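See below for the structure under consideration.
No lab work stands behind these numbers, since they all come straight from the coordinates. As the structure is a prediction and not an experimental result, all values here were calculated from the model. All Cβ positions, glycine included, derive from the backbone under ideal geometry; neighbour counts span all protein chains shown.
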Amino acid sequence: MLEVIHLSKIYQDRKKTVEAVRDISFQIGKGEIVGLLGVNGAGKTTTLRIIVTLLKPTTGSVFVNGYEVTKEPENVRKQIGFLTASTGLYARLTGRETLMYFGKLHSIPQHELNKRIDEAIQLFHLSEFIDRKCDKLSTGQKQRINLARTTIHQPDLLILDEPTAGLDVLGAKAIVQFIRNVKSRGQSVLFSTHRMEEAESLCDRVIIIHQGKILADSTIKQLRAESGIDELQDLFLHIIDERE
């Protein structure tokens, strides 16, 4: 589903060179949920933005369903849904109009699009505000509309960058529940998070990235067995201290 091969991203200006991502490689299989864990500035967002074709890598390759991100970006975008905590919505459109607009961008036939919108309304509990303009929605309501927009074309791979950041308990719960249900539909998920409880409850594997390098790529169970540390936050800090 996703293959990242010796990926690097270097930013350079007159004063300094920053290696945001440093020769990382990993794979994600069909139906797999993988958490990308790291402190601010670790390289998480840069990695995700390269995967979704928003940034070009300095070196290395990324394949999504066999399509290379720099050579076939349009085909890659058809395979993925991308959501961040700061993804914006068109203020003057209602939630329903937003889903209709993005569905048409993906050339979904009208009868099928109507069906998918109805399913999204049920799945993300949108009925109370689906016909309200987006600038009148709460942060959590906007994020649920955004998640419906991200998945309206039923992508094989979901890339979620801090999807629950800034949300209240109910908003975060809706998104976590959706990610939990994705596996049964054969979709794959790569998501970054600061919330260790989310990673523990959702992930088949976690990838710990620090200063642009991958320090660990394994199941939480295996990492605990190797370190003898049970608390995930302590385990995360231990790996950074030990392997950086």
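Return the percentage of antiparallel bridges among DSSP beta bridges fully within the chain, rounded to the nearest 5 %. Walk me through the numbers on the way to the answer.
Details: 21 of 40 bridges.
Antiparallel: roughly 50 percent of the beta bridges in the chain.
When the helices in the chain are scored as -39500 (n - 2.57) per DSSP H run of 4 or longer and the sum is shared across all residues, what 222 nm value do you end up with, to the nearest 500 deg cm²/dmol? Walk me through the numbers on the way to the answer.
Working: 9 runs with 94 residues, N = 244.
So the helix-based figure for the chain works out to -11500 deg cm²/dmol.
Suppose we keep just the alpha-carbon trace of the stretch 133-223; what are its Rg and Dmax in angstrom?
My reading of the Cα-based Rg and Dmax gives 14.2, 47 Å.
If you put +1 on each Lys and Arg Cβ and -1 on each Asp and Glu Cβ, how big is the dipole of the stretch 125-183 around its Cα centre, in Debye rounded to 20? Mind dumping the intermediate values first?
Working: 9 positive and 7 negative charges, 27 e Å.
The dipole magnitude comes to about 140 debye.
If the elastic network links every pair of Cα atoms under 10 Å, which of Ala199, Ala91, Ala172 fluctuates the most in the Gaussian network model of the chain?
Evaluated over the chain, the most mobile residue of the options is Ala91.
Distance from a point 7 Å along Cα→Cβ of Ser25 to each backbone N in the stretch 46-69: keep the residues under 14 Å and list them by number.
60-63
Could you give the size of the charge dipole of the chain about its Cα centre, using +1 on the Cβ of each K and R and -1 on the Cβ of each D and E, expressed in debye and rounded to the nearest 20?
Values: 33 positive and 31 negative charges, 194 e Å.
That gives a dipole near 940 debye.
Run the dipole for the stretch 23-156 about the Cα centre, Lys and Arg Cβ at +1, Asp and Glu Cβ at -1, nothing else charged, and hand back the magnitude in debye, nearest 20. Write out the running numbers ahead of the final one.
On the way: 18 positive and 13 negative charges, 79 e Å.
My answer is approximately 380 debye.
For the chain, count all C-alpha to C-alpha pairs, find those more than 32 Å apart, and express that count as a whole percent of the total. Mind showing how you got there, number by number?
Numbers: 6611 of 29646 pairs.
Taking all Cα-Cα pairs of the chain, the fraction more than 32 Å apart is 22 percent.
For the stretch 104-183, report the translational diffusion coefficient in µm²/s to the nearest whole number, using Stokes-Einstein at 25 °C, 0.890 mPa s, and a Kirkwood Rh over Cα pairs. The partial results should precede the final answer.
Details: Rh = 13.3 Å.
The estimated diffusion coefficient comes to 185 µm²/s.
Separation between the Gln154 and Lys16 pseudo-spin-labels, each 7 Å from Cα along Cα→Cβ, expressed in nm?
4.8 nm
Taking other Cβ within 10 Å of each residue's Cβ, how do Leu157, Leu54 sort, fewest first?
Values: Leu157 22, Leu54 13.
If I rank by nearby Cβ atoms, fewest first, I get Leu54, Leu157.
Taking the chain as the reference, fit the longest principal axis to its C-alpha atoms, fit the long axis of helix 95-105 to the helix C-alpha atoms, and give the angle between the two in degrees, 0 to 90, nearest 10.
70 degrees
Could you please rank Ile239, Ile159, placing first whichever residue has the fewest other Cβ atoms within 10 Å of its Cβ?
Values: Ile239 21, Ile159 25.
Starting with the residue having the fewest Cβ neighbours, the order is Ile239, Ile159.
Holding the Cα-Cα limit at 32 Å, pick out from Lys16/Lys173; Lys9/Lys173; Lys44/Lys183; Lys78/Lys133; Lys133/Lys213 the pairs that are longer than that. Don't skip to the answer; put the middle values down first.
Numbers: Lys16/Lys173 42 Å; Lys9/Lys173 34 Å; Lys44/Lys183 22 Å; Lys78/Lys133 27 Å; Lys133/Lys213 42 Å.
Violating the 32 Å limit, Cα to Cα: Lys16/Lys173; Lys9/Lys173; Lys133/Lys213.
So if we plug the beta-carbon distance of Glu128 and Asp230 into 1/(1 + (r/R0)^6) with R0 = 25 Å, what FRET efficiency do we get, rounded to 0.05?
Working: r = 41 Å, r/R0 = 1.63.
Here the calculated transfer efficiency is 0.05.
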